[in-house]
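Coordinate-derived values only; no laboratory data. Keep in mind that what you see is a predicted model, and the values were worked out from it rather than measured. Note that each Cβ is placed from the backbone with ideal geometry, even for glycine, and that neighbours are counted across all protein chains shown.
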Amino acid sequence: MTTLDFATPAAVYEQISGASRSMRGRAPQKYRRFENLALAVQFAVEKSLAELRTLMIETDDGDYTGPEIRSLYDHNNYPLRRAVS
């Protein structure tokens with residue numbers, strides 16, 4: 001990863017399991033837009049009912065999936081309070 005900017009806008013895509021593929025061959029996805037990467041990561045780890053392996057976070061700086069999302073949440077510079085587990 002390059003310099004990590006948790007303030008950059010981000011979007012979360014969730015692949016919908018069990019849904020049939022579209023005519024173009026892509027699986028349907030849910031989409032949520034977030035003001036910043038920190039909020040997108042928080043949603044993915046703490047609030048989404050989906051497994052991380054079915055999520056992708058997209059930013060202008062790059063895309064993050066599964067274990068990468070978890071590593072962002074565990075990163076020393078993650079600016080939000082983490083949920084107690």
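Computed from phi, the 3J(HN,Hα) profile of segment 55-69 under the Karplus parametrisation 6.51, -1.76, 1.60 (θ = phi - 60°) reads 10, 9, 9, 10, 9, 5, 8, x, 10, 10, 10, x, x, 5, 5 Hz, with x in place of Gly and Pro.
Protection proxy ranking, highest mean first, for peptides 72-78, 38-44, 52-58, 4-10: 38-44, 52-58, 4-10, 72-78, where packing is the per-residue count of other beta-carbon atoms within 10 Å, averaged.
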